Amino acid sequence: MEKKKLHIKTYGCQMNVYDSSRMEDIVLPLGYEITENDAEADLLILNTCHIREKASEKVFSELGRIKKKKLDKGGDMIIAVAGCVAQAQGEEIMKRSPWVNMVFGPQSYHKLPEMIAKTMRKVDGKGVLNTDFPEEIKFDHMPKPRVEGKAAFLAVQEGCDKFCTYCVVPYTRGAEYSRSTQAIMDEAQHLVDNGVMEITLLGQNVNNWHGVGKHGREENLGELIHKLAEIKDLKRIRYVTSYPSEMTQDLIDAHGNIEKLMPYLHLPIQSGSNKILKAMNRNHTVEEYLNIFESLRNVRHDIALSGDFIVGFPGESEQDFQDTLGVVKKVGYASAYSFTYSPRPGTPASVLPKQVNDQIKAERLSILQQAISESQQTFNDNLVGKTLSVLMESTGRRDGQLVGRSPYMQAVHCLMDESYMNQLVNLKIISASKFSLEGELVI
Ligand code: 5AD
Ligand code: SF4
């Protein structure tokens, strides 16, 4: 029988990328194959992001475009909206876009087979809405992941109990949940048995992962990484995203004594002002954040540090913003992400007084991004002349070019034979821009 066609369009974070690939694992055995062309899809899933207004708006404009494709196909297309916008605005999507067949949140996609069956049977002609947080855990109901390539994501923790006052994640992803050590080790072994060399552990608060080890003893992420490092053919381990007050000494030490743990840490601070951090309900100070970096550099001097920043949070003064710039100067980031504050419906910060106007937000963002760029350029310049181990993962823009990631997370381009694809190679860095490095093969 001819296979049906599945197309998933993914927005947002790495957790969404992981979820999309897990949805493929669930749907493909039902007689589907993946298509890159959304116009020919029998099942089209939008996996959405709600973190900022811009991300969220994309969904409604995309739905308009998709409606046309569905009509062009004689209506023969199941359309699903998944992810965080689905979780936050499920009913509104159903109302505004009645051609959508299924809407379900990040904790319900293991139910795709039954949702698809229900839609096909057109039980009551209505769409399927699945935005409750189910009792059962989706991870217990999913097949083993398909493996493509040499670098894979592995979700170890999900959800967030931190309730930063600007953020929708605790409402869209739900409460913090850690997968068991055994489930993680099994999944990691399966990935490595199928050729994976690099695993990135994922979680909204990945460094607050907790598991139960032998004799019922609680284990932390540092201990989990030690266990993973014992998997013989696993070459590289990363983890993202971390929260400052959960950086345990075990995890800091792991950076000093586990060679497979890559010298990179993404640790958002959001603001360089303690007043703003307090208003954000971040339970750490600027000084505590900087101390973590100092401890890390003591055990791993070359570690690449990364962060997230929000400018224009309500009440942010010029001095608060200058303090944020001060953090960028002090840390010497290898990379950092920065955003203007976007008021999100239902979050406490959205109704705070002293909202900062859009023009000031834009100006501050541009100044901050300039400072981050300079920091990135300095970090990358310091790598010129060094030899780095790089996992070649894709073809580059230029003919004969392959691209991989350095231990520090930058993209490294190299003119080299295609047979090096999917290999870990040593590249001598010959030039650096603020976003990427260029290397030459060392034989
Ligand atoms: N406005 C702007 N940026 C936000 N982030 C989260 N919520 C908001 C918001 N309402 C940013 C934070 C977070 C990153 C994933 O997105 O910096 O670390
Ligand atoms: Fe959002 Fe804060 Fe949780 Fe990160 S720690 S997901 S910013 S609430």
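For the chain, what proportion of DSSP beta bridges, expressed in % and rounded to the nearest 5, is antiparallel? Roughly 35 percent of the DSSP beta bridges within the chain come out antiparallel. Quick one: of the DSSP bridges fully inside the range 113-259, what percent are antiparallel, nearest 5? Close to 30 percent.
Couplings for the range 396-409, taken from phi via the Karplus curve 6.51 cos²θ - 1.76 cosθ + 1.60 with θ = phi - 60°, read x, 6, 8, 4, x, 9, 10, 10, x, 10, 7, x, 8, 5 Hz in order; Gly and Pro are left as x. Ellipticity at 222 nm from helices only: DSSP H runs of n ≥ 4 in the chain, each -39500 (n - 2.57), divided by the residue count, give -10500 deg cm²/dmol. Taking the fewest neighbouring Cβ atoms within 10 Å as the starting point, the ordered list for Ile429, Ile34 is Ile34, Ile429.
Tell me which of Thr285, His226, Gly211 sits at the most positive position along the dipole axis of the chain, charges placed on C-beta atoms (Lys, Arg +1; Asp, Glu -1). Value computed over the given set: Thr285. Kirkwood analysis of the Cα pair distances in the chain returns a hydrodynamic radius of 23.4 Å.
In the range 188-335, taking the dipole from charged Cβ atoms about the Cα centre, the farthest positive-side position among Leu267, His190, His255 is held by His190. Charge tally for Ser245 (other residues, Cβ to Cβ under 13 Å; Lys, Arg +1; Asp, Glu -1): -2.
Distance between the C-alpha centres of the range 290-342 and the range 182-251: 26 Å, rounded to the whole angstrom. Lys/Arg Cβ at +1, Asp/Glu Cβ at -1, dipole of the chain taken about the Cα centre: which of Ser335, Thr347, Ala41 is farthest positive-ward? Ranked along the dipole, the leading option is Ala41. Of the residues Cys84, Cys13, the one with the fewest other Cβ atoms within 10 Å heads the list, and the complete ranking is Cys13, Cys84. Partner lysines whose Cα lies under 20 Å from the Cα of Lys278, excluding those fewer than 8 positions away in the same chain, are identified as Lys162, Lys354, Lys361.
For the listed residue pairs Lys9/Lys122; Lys235/Lys428; Lys227/Lys428; Lys58/Lys235; Lys227/Lys329, the alpha carbons are over 27 angstrom apart in Lys227/Lys428; Lys58/Lys235; Lys227/Lys329. Ranked for footprinting exposure by Cβ neighbours inside 10 Å, fewest first, Thr48, Thr395, Thr119 give Thr395, Thr119, Thr48. The lysines whose alpha-carbon is closer than 21 Å to the alpha-carbon of Lys126, local same-chain residues fewer than 8 away aside, are Lys67, Lys68, Lys69, Lys70, Lys73, Lys95, Lys111, Lys118. Rounded to the nearest 20 debye, the dipole magnitude of the chain is 860 debye, with +1 charges on Lys and Arg beta carbons, -1 on Asp and Glu beta carbons, and the Cα centre as origin.
Each reported figure results from applying straightforward, stated rules to the coordinates on display, with no laboratory input. As the structure is a computational prediction, the values presented were derived from the model and not from experiment. Positions of Cβ are generated from backbone atoms using ideal geometry, with glycine treated the same way; all protein chains shown enter the neighbour counts.
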